[in-house]
Amino acid sequence: MPRSLIVLAGLLALAFAQSTYTVQRGDTLFSIAQRYGTTVEVLQALNGITNPGQIRVGQVLKLSPQPSTALLNRRTDLPAPIEALEWPRQTVQGNVAVLHLITAQPVSGQVRFLGADYPIQQNRVLLPVPALQDPGVYPAVLLLEGYTVRLDIRVVAGSFGRYILQLPPDREALLQPEKLRAERKKVVESCDWNRSQQWQGNWHKPVDSNRITDPFGTRRSYDKGVTYSFHEGLDYGVPVGTPVRAPADGLVGLAEPLFVRGNGVTIDHGDGVCSGFWHLSKILVRPGQVVKAGDLIGLSGNTGLSNGPHVHFEIRIRGVPTNPALWYWNAP
Ligand SMILES: [Zn+2]
């Protein structure tokens, strides 16, 4: 078969690859994850499943955050040195749209997307999509020396759960919005966005557990009111004292007690990517310390505003929280 036909057949196979699965008798989330080359965490995050033991025969599960993830938009009509631009056909809320520039030599510039600027680093741009961004098509404006290119990024809805609070959250916290803002600023600014990429390949789980007690993106609202916030990370329900490990290479940004987040650690992974670990009982690293994937950084706990022992794990790209589960199997 000619090479072009083989490529076409491959693309068609990807386009028609199964994107949902109907649970059969005897299935477990783990067996389904194994079969489709994904993870229990991803399936939980995609389908809003809190307890991985709770799936039922006949339930239809989403298998992929981007059913057409292999399908890219491609433009080749740009001035030299850009040979081509590639970006995903669609991106899910809380996911990352990765824009690739294909050029003979590296180029510099930036992309303006949803009111923020993202630099080109190694001919690639990571564009985080906020978890509460309304589905729709949004412009991404590539600013290069001498010209600009406008691309469209399609954002589709994720499948997130909703947590309804009967009472307002912790009153003490509500009464201190300044304190909350200052803490968030401290967390976001603990990483140097100009650092080059430190991680390689997919990330590891920070704790040896599959017990996700709250997936990323869960909407939070009062009684029957509107969404006022969402869960910015992934919660693992593990006993106090469970080892917490660096999910990827980086440098420790912050390592100190915080008001809401309790004993917290952030790791700067470069390229604007910063991970965070909250509610620890013990911090075992110092700011500036170099860590490798798997290094012990602390012990889990129940400190700060926490309603039970757990580790909250989050990944921000230039301050925007993204779904950590995706980084386990499809890190940019
Ligand atoms: Zn959490």
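Here, each number is a calculation from the coordinates, and none is a lab measurement. Source: prediction; values computed, not measured. Cβ sites come from the backbone with ideal geometry, for glycine too, and all protein chains shown count toward neighbours.
Taking Rh as the Kirkwood radius, which is the inverse of the mean 1/r over Cα pairs, what is the Rg/Rh value for segment 72-156? Write down the numbers at each step before the final one.
Values: Rg = 12.3 Å, Rh = 12.9 Å.
Value, to two decimals: 0.95.
Partners of LYS179 within straight-line reach, counting aspartates and glutamates whose Cα lies under 17 Å from its Cα and excluding those fewer than 8 residues away in the same chain: ASP170, GLU189, GLU256. When the square roots of the Cα gyration tensor eigenvalues are ordered a ≥ b ≥ c, the ratio a/c for segment 113-215 is 1.5 or more and a/b exceeds b/c, which makes its shape prolate. Placing pseudo-labels 7 Å out from each Cα toward the beta carbon at LEU305 and ASP192 gives an inter-label distance of 3.2 nm.
A 29 angstrom limit on the alpha carbon distance is what I want to check against. Which of LYS62/LYS205; LYS62/LYS185; LYS205/LYS282 exceed it? Exceeds cut-off: LYS62/LYS185.
Helix by helix, which DSSP H runs in the chain go 15 Å or more along their axis at the Cα atoms and have an average Kyte-Doolittle hydropathy of 0.5 or more? Before the final figure, lay out each step's value.
Numbers: long enough: 3-15 (18 Å, 2.11); 177-188 (16 Å, -1.27).
Long hydrophobic helices here: 3-15.
The distance linking segment 112-168 with segment 254-320 is 25 Å (Cα centroid to Cα centroid, whole angstrom). Structural descriptor for segment 162-329: relative contact order 26 percent, calculated from alpha carbon pairs under 8 angstrom and at least 6 residues apart.
Peptide packing for 106-117, 294-305 was compared via the average number of neighbouring C-beta atoms within 10 Å per residue; ordered from the highest value, the list is 294-305, 106-117.
How many percent of Cα pairs in the chain exceed 38 Å? Numbers along the way, then the final one.
Numbers: 9298 of 54946 pairs.
Percent of Cα pairs beyond 38 Å in the chain: 17.
When a/c is below 1.5 the answer is rounded, else prolate if a/b is larger than b/c, else oblate, so apply that to segment 275-332 with a ≥ b ≥ c taken from the square roots of the Cα gyration tensor eigenvalues. Since a/c reaches 1.5 but b/c is at least a/b, the shape of segment 275-332 is classed as oblate.
With a/c under 1.5 counting as rounded, go ahead and sort segment 225-314 into rounded, prolate or oblate using the C-alpha gyration tensor (a ≥ b ≥ c being the square roots of the eigenvalues; past the cut-off, prolate if a/b is larger than b/c, else oblate). Present the calculation step by step, with values, prior to reporting the outcome.
Numbers: a/c = 1.86, a/b = 1.31, b/c = 1.42.
Cα axes put segment 225-314 in the oblate bin.
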